[in-house]
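The block underneath contains the structure these notes are about, expressed in structure tokens.
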Amino acid sequence: MDVKIEQSWKELLADEFKKDYFVQLTDFVREEYRNTMIYPPAGLIFNAFEHCPFDRVKVVLLGQDPYHEPGQAHGLCFSVRDGATFPASLVNIFKEIRSDLGKPAPASGDLTRWADQGVLLLNATLTVRAHAAGSHQNKGWETFTDAVIRCLNAERRYIVYMLWGAYAQKKGSVIDGSRNLILKSAHPSPLAAHRGFFGNHHFSRANDYLIASGQQAIDW
């Protein structure tokens, strides 16, 4: 099966694309795009990988689902296209960056600038039906993104994993904390942010770790 994904990832995940679950997932996703409005646009499903080749990953930020309203999702978790209103979780992320690093909120919610520096902005589920959160869960995407995490854990070290909320923490349970930095806190959603996301200092802690391990800090 020819999957249009960045070349280094394509080679590393080649066996995954041949598995029955992925073939079934591909059939399901193609049918969904033919029959209804799906986000992100089909050409951006693997956008997180395009901006962040395997050997350049420095930080992994795990999300759950793409945004499901028009003009938002473009294949990077928590990120929205230029001109889109900032979702509440993204507003809280920028608030924590300001508190932690003293940087004001940017004019754009497009986090491509992070991805290009080595931040893999990975949703557990890579597609979603319009106006229907969670509609593509349990179709196979989670198995695929679990394989991505296992691949990074097996082949790379000195990566910062930001696991916000119970879902991300469960998904990241396979990560070796002796070879990487695992940062856990509450989710930045309005329902949880005041229960430990605000004040987590994850952005400065990530940069301190990257510098200490001989890497370049992220310009958050």
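The values are calculated or read from the model by the stated rules, or taken from the named source; none is laboratory data. In this text the structure is predicted, and so the values were computed from the model without any measurement. Cβ atoms come from the backbone with ideal geometry, glycine included; neighbour counts cover every protein chain shown. Keep in mind that these areas ignore ligands, DNA and RNA; they rest on the heavy atoms of the full protein, side chains included. Shrake-Rupley method; radii C 1.70, N 1.55, O 1.52, S 1.80 Å.
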Distant-in-sequence amide H partners of residue 73 (H built 1.01 Å from N, under 5 Å): 67
Beta bridge orientation in segment 1-149: antiparallel %, DSSP, nearest 5: 40 percent
Distance (nanometres) between label positions extended 7 Å along Cα→Cβ at residue 15 and residue 211: 4.0 nm
Segment 146-220, accessible area per residue, ligands and nucleic acids excluded (1.4 Å, Å²): 49 Å²
Accessible-area composition of the chain, carbon plus sulfur, in percent [1.4 Å probe]: 50 percent
Count of lysine pairs in segment 93-220 with Cα separation under 27 Å (8 or more residues apart, or interchain): 10
Pairwise label distance in nanometres, residue 151 with residue 33, each label 7 Å out on the Cα-Cβ vector: 1.9 nm
Sites residue 169 and residue 101, calculated FRET efficiency, Cβ-Cβ separation with R0 22 Å, nearest 0.05: 0.40
Helical mean residue ellipticity (222 nm; -39500 (n - 2.57) per DSSP H run of 4+; nearest 500) of the chain: -10500 deg cm²/dmol
Shape call, segment 55-113: gyration tensor on alpha carbons, a/c limit 1.5: oblate
